[in-house]
Every structure is written in structure tokens, then in C-alpha cells.
1. Given +1 on the Cβ of Lys and Arg, -1 on the Cβ of Asp and Glu, and no further charges, what dipole in debye does the chain carry about its Cα centre, rounded to the nearest 20?
2. At N24 and A99, where each label point lies 7 Å from the Cα along Cα→Cβ, what is the point-to-point distance in nanometres?
3. Extension gain S65-A32, at 0.36 nm per residue separation less the Cα-Cα distance, in nm?
4. Once you've got the GNM for the chain with C-alpha springs shorter than 10 Å, pick whichever of V50, V30, V17 has the biggest mean-square fluctuation.
5. Could you work out which residue, out of N92, N28, N101, moves most in a Gaussian network model of the chain, that is, has the largest mean-square fluctuation with Cα springs under 10 Å?
6. What's log10 of I(q)/I(0) for the range 1-70 at q = 0.19, 0.23 Å⁻¹, Debye sum over Cα points only, no solvent?
7. If you take the Cα atoms of the range 61-113, find Rg, then find the Kirkwood Rh from the mean of 1/r over all pairs, what is Rg/Rh?
8. Please find, in a Gaussian network model of the chain (springs between Cα atoms separated by less than 10 Å), the residue of R12, R80, R52 whose mean-square fluctuation is greatest.
Amino acid sequence: MTDPDVPNRNNRTEGEVRHWLVVNIPTNQVKAGDVISDYIGSGAPEGSGVHRYIFLLYRQPGLISADPELRQTFRQARGRFGWKVSQFARENGLGRPVAGNFFRAEFDDYVPVLYAQLNDFP
């Protein structure tokens, strides 16, 4: 799951924010996959407008050994900014997505609660 609208949809200069990354999913068992970045829900900053949160599914040609630098728990925000799903796909020979979906969200009263849960939010 990625947010490409950083810092906002009209000025996407900071790359994407990686909200969730799971690789090596056996068949259709997402819970059995290798979680690289724990899920963090939408958290569009106040005044940044509507953000798109995009889920992409790729068919892997083989196992992915993810760089340890990518591994993050729920409470880690640093390292998620400036990511590019297209580069990750290219580096791992994933080709084009086989499925995808998205939702749109903007700042609401839960966003400060989410930010407070992140130990290293910039």
C-alpha cells in the first residue's frame, strides 16, 4: 500500500509513503507472507487535501530477499518516505501489477492519534 500524494496531490515532490509491504505470499495467504513494513493506516497531514492510498498486487517470479533497511514495525515512520513502488517492482523483476485497488482519504481527527503512535514521525 502506498500514498503517492506527498506532500499533496498537486505537489508530489517527496515520492511515495510506503504504508504496507508484504512479499513472498504463498498462494492467497497474505497472513503467511513476509511482512517488510507493518500496515500504517491513512494519515494525510492537515491541509494537504485528499490523498490516494493504493494497493498493488504483483506476481513474484521467485522469493524476494528484502533489504533489512526496508523492514519496519508499525511504530516506525522514517524510511517510508520517498519510496517508489515502481522502483521496487523493477528491482525485483515483478513486472506489471496483476491487481490493484485504492481509496481516498484526507485529514480527520484520528490523524493526530496515528502520529502520536509513531515513535519517529518527522
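We did not get these values from a lab; they are worked out from the coordinates using the rules stated. If you're wondering where the values come from, they're calculated on a predicted model, not measured in any experiment. Note that each Cβ is placed from the backbone with ideal geometry, even for glycine, and that neighbours are counted across all protein chains shown.
1. Rounded to the nearest 20 debye, it is 440 debye.
2. 2.2 nm
3. The S65-A32 span can extend by a further 10.3 nm.
4. V30
5. So, out of N92, N28, N101, the one fluctuating most is N28.
6. -0.81, -1.01
7. Numbers: Rg = 14.7 Å, Rh = 14.2 Å.
Using Cα coordinates only, the ratio equals 1.03.
8. In the Gaussian network model the winner is R12.
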